[in-house]
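J.: I'd like to ask some things about the structure below.
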Amino acid sequence: MSTTLTLRRPDDWHLHLRDGAMLKAVLPETARHFARAIIMPNLVPPVVTGAQAAAYRDRIMAALPDGMAFRPLMTLYMTEDTNPDDVAAAHASGLVTAVKLYPAGATTNSASGVRDFAKVQRVLDRMAEIGMPLCVHGEVTNHDVDIFDREAVFIDRVLDPMRRRTPGLRVVMEHVTTRDGVQYAQAGGPDLGATITTHHLIINRNHILAGGIRPHYYCLPVAKREEHRLALRAAVTSGDPTFFLGTDSAPHVDALKEHSCGCAGCFTATNTMSILAEVFEQEGALDRLESFASLHGPAFYRLPPNEDHITLQKGAPVAYPARIDTGDGPVTVFDPLMPLHWRVA
Ligand code: DOR
Ligand code: ZN
């Protein structure tokens, strides 16, 4: 039994860093292990223009502690007014890596997202032309659709028609949570990728709801039935380059999680690599952790993998904080409900 595992330094292809005091507190948690991350633009107000993305990138770099290296890969928040020329210019200059599509009302700060998909068709066509990836939050928001069905319905009603109307569009299905999502991604060819979070490999909907409501396990898309969790574990350990790590680490202060209308998000930046090593070991697939966390993402985004490496060492259970302090209040670290034996050296 091997007790050390060396991999190319991983990247996080879906990350929420927020701003201000929260940014300062959570950024080192990611930068400690990850070289790059796709930075979600759902700030208040959202990051919709190239100028806003440049300013946010500068705030991220200013918040990075001395001696740490990290490259934020910026995204623009798509609205119905997004201009194709602005998007193309921000991409051509290297400032912006991708555009994020939130259906309006789907999740945290998504009110300025897209209601009428016809209104963004010109942007999608331009993105297809220039090969710029679209990161999609794949849930419908219709009140008559059960929240546990919203991902599968989105694929049928929105994503598949959009991809058929926009040949060549490169799409990342963000945080897939269902077998339906896994199967659609698997069949989508080289222009379709999918991120999978750490927490959706650990929890199913019982963890949120059975024996009491556990707000720190509430995120969007919400965790589904056990059969879907198992499909996600099979996908990440399959070696299929369609799937790569996007933690969706999404900090909210405890006061807003433990609330009568609690915010969605699991904060996993602190212990993600230890959790993933445990999961891949349980699945007998430790040799595939590197491809999921460090190789498939850069390949999809047409970037080189990182040159440097991290080493995971197996031993006594790893100690990590139950919560981290931020200037805005404590943020609870995701509890995987099992001891973690792999520490990042
Ligand atoms: O759980 C989530 N939290 N899902 C999202 O889509 C957004 C995120 C956040 O920004 O808090
Ligand atoms: Zn997210």
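J.: I'd like the accessible area for Ile60, computed on protein heavy atoms only with a 1.4 Å probe and all protein chains in place. Round to 10 Å², please.
T.: 0 Å²
J.: How much length is gained if the chain between Thr3 and Ala345 is pulled fully straight, taking 0.36 nm per residue apart and subtracting their Cα-Cα distance, in nm to one decimal?
T.: 121.9 nm
J.: Still on this structure, please answer the following. Find how many whole Å separate the alpha carbon centroid of segment 217-265 from the alpha carbon centroid of segment 294-333.
T.: When both Cα centres are located, 16 Å separates them.
J.: Further question on the same structure: Just to verify a number: FRET efficiency for Ala21 and Leu337, C-beta to C-beta distance, R0 = 25 Å, to 0.05?
T.: Calculated value: 0.30.
J.: In nm, to one decimal, how far is the modelled label at Asp58 from the one at Arg122, with both set 7 Å along Cα→Cβ?
T.: It is 3.0 nm.
J.: Which ³J(HN,Hα) values in Hz, rounded to whole numbers, follow from the phi angles of segment 192-206 under the Karplus curve 6.51 cos²θ - 1.76 cosθ + 1.60, where θ = phi - 60° and Gly and Pro get x?
T.: Once rounded to whole Hz, the list reads 10, x, 8, 8, 10, 7, 5, 5, 6, 7, 9, 10, 10, 5, 4.
J.: List the residues whose amide H sits under 5 Å from the amide H of Tyr77, counting only those 5 or more places along or on another chain, with H placed 1.01 Å from N in the peptide plane.
T.: Here the answer is Val47, Val48, Lys100, since their amide H atoms fall under 5 Å of that of Tyr77.
J.: Would you mind getting me the FRET efficiency between Arg164 and Asn109? Use the beta-carbon distance for r and R0 = 30 Å, nearest 0.05.
T.: On the way: r = 29 Å, r/R0 = 0.98.
Result of the calculation: an efficiency of 0.55.
J.: So, one more: What is the distance, in nm, between label points placed 7 Å from the Cα along the Cα-to-Cβ direction at Arg302 and at Asp85?
T.: Going by the 7 Å Cα→Cβ label model, 2.3 nm.
J.: How high is the relative contact order of segment 4-344, in percent, counting Cα pairs under 8 Å that sit 6 or more residues apart?
T.: So the answer I get is 20 percent.
J.: Put +1 on the Cβ of each Lys and Arg and -1 on the Cβ of each Asp and Glu in the chain; which of Gln282, Ala293, Thr108 then has its Cα farthest toward the positive end of the dipole?
T.: Value: Ala293.
J.: If contacts are Cα pairs under 8 angstrom and at least 6 residues apart, what is the relative contact order of segment 196-345 in percent?
T.: After rounding, I find 27 percent.
J.: When the dipole is taken about the Cα centre of segment 4-344, and only Lys, Arg (+1) and Asp, Glu (-1) are charged at their Cβ, what size is it in debye, to the nearest 20?
T.: The dipole of segment 4-344 has a size of about 180 debye.
J.: How high is the relative contact order of segment 270-345? Use alpha-carbon pairs under 8 Å, at least six apart in sequence, and give a whole percent.
T.: 40 percent
J.: Using a cut-off of under 15 Å, list every residue of segment 41-64 whose amide N is near the label point 7 Å from the Cα of Ala92 along the Cα-to-beta-carbon line.
T.: Only 50 pass the distance filter.
J.: Also, quick follow-up: Looking at segment 4-344, how many pairs of lysines come closer than 29 Å at the Cα, when each pair is eight or more places apart or spans two chains?
T.: Lysine pair count for segment 4-344: 6.
J.: Suppose each label sits 7 Å from its Cα in the direction of the beta carbon; what would the Ser260-Asp328 distance come out to in nanometres?
T.: For the pair Ser260/Asp328, the computed spacing is 2.2 nm.
J.: For segment 23-36, in order, what is each residue's ³J(HN,Hα) by Karplus, 6.51 cos²θ - 1.76 cosθ + 1.60 with θ = phi - 60°, in whole Hz (x at glycine and Pro)?
T.: 4, 4, 6, 8, 4, x, 4, 7, 5, 4, 10, 9, 7, 9
J.: Could I ask something else about it? Sort 84-96, 181-193 by the packing proxy (mean of other Cβ within 10 Å over each peptide's residues), most packed first.
T.: Descending packing order for the listed peptides: 181-193, 84-96.
J.: Okay, moving on. Non-local amide H neighbours of Ser249 (under 5 Å, H modeled in plane, Pro and chain starts lacking H): which ones?
T.: His16, Thr268
J.: Separate question: With n ≥ 4 as the cut-off for DSSP H runs, can you work out [θ] at 222 nm for the chain, using -39500 (n - 2.57) per run divided by the number of residues, rounded to the nearest 500?
T.: Details: 12 runs with 101 residues, N = 345.
That comes out to -8000 deg cm²/dmol.
The values are calculated or read from the model by the stated rules, or taken from the named source; none is laboratory data. Not measured: the values here are computed from a predicted model. No Cβ is skipped: glycine too gets one built from the backbone with ideal geometry, and neighbour counts run over all protein chains shown. Ligands, DNA and RNA are excluded from the accessible area calculation, which covers all protein heavy atoms including side chains. Shrake-Rupley method; radii C 1.70, N 1.55, O 1.52, S 1.80 Å.
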